[in-house]
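What follows is a single structure, written as C-alpha cells, with notes after it.
The values are calculated or read from the model by the stated rules, or taken from the named source; none is laboratory data. Every value quoted in this text rests on a predicted model; they were computed, and no experiment measured them. In this analysis, Cβ positions are derived from the backbone assuming ideal geometry, glycine residues included, and neighbour counts consider all displayed protein chains.
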Amino acid sequence: MKIMLNDASHEFVGETLQDLLTQLGKSEQGIAIAINQQVVPKSLWSSTELNEQSQVFIFESIAGG
Amino acid sequence: MSSLFIAGHEFHSRLFTGTGKYASADAMMDSLNASESELVTLSLRRMDLKNQTDNILQPLLQQGMKLLPNTSGARTAKEAVFAAELAREALETNWVKLEIHPDPRYLMPDGMETLLAAEELIKKGFVVMPYVHADPVLCKRLEEVGCQCVMPLGSPIGSNMGLASRPFLEIIIEQSRVPVIVDAGIGAPSDAALAMEIGADAVLVNTAMAVAKQPAQMGKAFKLAVEAGRMAYESGLGEKRLQANATSPLTDFIGALS
C-alpha cells in the first residue's frame with residue numbers, strides 16, 4: 001500500500017508501524033513518530049496498524065543548541 | 001562552589017552546552033568532555049530517509065550527559081508543544097528547552113507564544129526551560145506559571161556579542177526565585193565569567209565552543225571561566241567606587257628624608 005511518509009508517497013509492504021521501521025532499516029534510538037499529527041508512543045509501535053490514509057512523520061534527534 | 005539544582009536534579013557544572021555546529025561527533029565529544037558540562041541540548045528534525053545521520057546520541061549517553069531537547073524550528077506555541085511531545089518520546093526525558101522563534105534572521109524568541117506553550121507543557125508534566133528575551137516581566141510570568149528556570153538571552157543566537165542585555169539580566173537575576181541561565185550570544189569565556197559574576201546560576205554555550213579552532217581547549221577555557229565567575233560571585237565582589245582607596249598604609253616614612 002501507499003502511505004505518506006515525511007510528506008512523500010511511500011510504498012509500504014507490511015501492517016504496523018514497527019514493520020515500517022524494520023523496512024527502513026534505521027536506528028530506532030532517538031527517534032519519535034507521529035501519525036496524523038498525533039505522537040505514537042514507542043510502546044504502541046508494534047500494535048499500530050497503517051493504512052492508506054496514514055500520514056506518518058518520523059523525527060530523529062540531531063545536534064543543536 | 002555550590003551545586004545547582006533544577007527540578008531536583010543536581011548539577012556540579014554550571015556550564016550547559018549545545019551540540020550544534022561541531023565539525024564532527026569526535027570534536028564535539030572532546031570539547032564537551034573538556035568543558036565538564038553535564039547538560040547538553042539537542043534538536044529534532046524530520047528523519048533524513050536517504051542518508052545515515054552521524055550518531056551523536058550514543059556517545060553523549062555513554063558519557064552520562066543529561067539531554068535537553070529543544071523545540072527549535074517551532075514558530076508557534078502549538079508547534080512547540082508538538083515538538084516537546086516528540087522529543088519526550090525520542091529522548092525519554094520530560095525536560096525541554098522551549099524556544100519559539102518565528103523570525104529566522106534574528107531568531108528573536110516570541111514571548112507570548114512561549115508563555116502559552118510553557119503553561120500547556122507544565123500541565124502535561126514537562127520540566128520547562130524557556131529561552132526568552134532578557135525581559136524581566138516575562139521571566140517573572142514564566143516563573144509564576146511553573147517554569148523550573150528561565151533562560152534569557154545575552155545577545156542574538158550565535159552572534160558572539162556577549163551580554164548586550166546586561167542591565168536587564170541583572171534585574172531578572174535580582175527578581176528571580178528560579179535559576180537564571182544566560183543563553184545565547186556568549187562569545188568568549190570572559191562573557192561567561194561576567195554572567196556568573198553578576199549572579200547568573202548557569203550559562204549555555206554552543207557556537208563559541210563549536211566553531212573554535214581547538215574546540216577541546218575552548219571547552220576547558222569556558223569551564224574555567226564559569227568556575228572563576230561563580231567562585232567570585234559566591235566570594236562576594238567588592239563595590240565599585242570612583243575614588244581610590246589605598247591598599248597600602250599611607251604612612252609618612254618618606255617624610256623622614258626631609
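None of B:Ala134, B:Ala118 is in contact with a Pro (Cβ under 6 Å, 6 or more places away or on another chain), modelled with pLDDT of 95 or more and outside any loop (DSSP other than H, G, I, E, B) except B:Ala118.
Please determine whether any residue of region A:7-26 is surrounded by 18 or more Cβ atoms within 10 Å (Cβ to Cβ), facing chain B (nearest Cβ under 7 Å) and closer than 28 Å to B:Gly20 by Cα. No, every residue in region A:7-26 fails to be surrounded by 18 or more Cβ atoms within 10 Å (Cβ to Cβ), facing chain B (nearest Cβ under 7 Å) and closer than 28 Å to B:Gly20 by Cα. The set of residues in region B:41-73 being in a loop (DSSP other than H, G, I, E, B), surrounded by 14 or more Cβ atoms within 10 Å (Cβ to Cβ), within 8 Å of chain A (Cβ to nearest Cβ) and in contact with a Leu (Cβ under 9 Å, 6 or more places away or on another chain) consists of B:Met47, B:Ile56, B:Ser72. B:Glu92 meets all of the listed conditions (1) under 23 Å from B:Pro156 (Cα atoms); (2) within 13 Å of chain A (Cβ to nearest Cβ); (3) at pLDDT below 95 but one, namely (1). Evaluate the following for B:Leu32: is it more than 10 Å from chain A (Cβ to nearest Cβ), at pLDDT 95 or above and part of a helix (DSSP H, G or I)? Yes. Among the residues examined, B:Thr76 does not qualify as in contact with a strand residue (DSSP E or B) (Cβ under 7 Å, 6 or more places away or on another chain) and either away from every other protein chain (no Cβ under 11 Å) or of a type in the set (Ser, Thr, Tyr) (or both).
When we screen B:Pro109, B:Pro102 for residues that are touching an Asp or Glu at 6+ places or on another chain (Cβ under 7 Å), farther than 27 Å from A:Gln29 by Cα and crowded, with 19+ Cβ neighbours inside 10 Å, the only hit is B:Pro109. Pairing residues of region B:12-33 that are in contact (Cβ under 8 Å) with a residue 40 or more places away in the chain with residues that are among the basic types (Lys, Arg) and crowded, with 19+ Cβ neighbours inside 10 Å, at Cβ distances under 7 Å and at least 6 apart in sequence or on separate chains, gives B:Arg14/B:Arg230; B:Leu15/B:Lys223. Flag: B:Lys97 matches the condition of being modelled with pLDDT of 95 or more and not hydroxyl-bearing (Ser, Thr, Tyr).
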